[in-house]
Each structure stands twice: as C-alpha cells, then as structure tokens.
Amino acid sequence: MLYRPVQQSGDKPLLFYIHNGGMLAGNKWDLAARMAEWVEKHDCIAVGLEYRLAP
C-alpha cells in the first residue's frame, strides 16, 4: 500500500513499514489508519508491505 499526502509537492521522506506478527498474523490493513495519520503528521510518503504468512 502506498500512502502519500493529498497536497504533495517536492521530495518527501519515505516510511517503509513491515507489519509485525512473527509471519503468523497481521496484514497491511492492521495499521492503515495509523499510517495515514503518520503521513499527514510527518508530511512523508509511507509504504506498507504485505507478505505471505505461515500456513
């Protein structure tokens, strides 16, 4: 997932977030609201990574 400010201009710092959960639980949606908040608060671009969980 890619989060960026609504009014984007120029270069921004990047936040690359990999959710915790020990590769057993969790997904990119768990912190969607928080990542959107971080983007607005810190004027940055955020990327949330999704990966395969253990069976």
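Derivation of every value follows stated rules applied to the coordinates shown; laboratory data play no part. Since we're looking at a predicted model, the values are computed, not measured. For neighbour counting, all protein chains shown are included, and Cβ atoms are generated from backbone atoms with ideal geometry for every residue, glycine included.
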> Among Arg4, Arg34, Arg52, which comes first, then next, by fewest other beta-carbon atoms within 10 Å?
Replying inline: Arg52, Arg34, Arg4
> In terms of modelled amide H atoms, which long-range or inter-chain residues lie less than 5 Å from the amide H of Cys44?
Replying inline: none
> For the pair Leu2 and Ile18, how long in nm is the line joining their label points, each one 7 Å along Cα→Cβ?
Replying inline: 2.1 nm
>> What are the ³J(HN,Hα) couplings of the stretch 6-18, residue after residue, when phi is run through the Karplus curve with 6.51, -1.76, 1.60 and θ = phi - 60°? Round to Hz, x for glycine and proline.
In response: 4, 9, 8, 8, x, 6, 10, x, 10, 10, 10, 10, 10
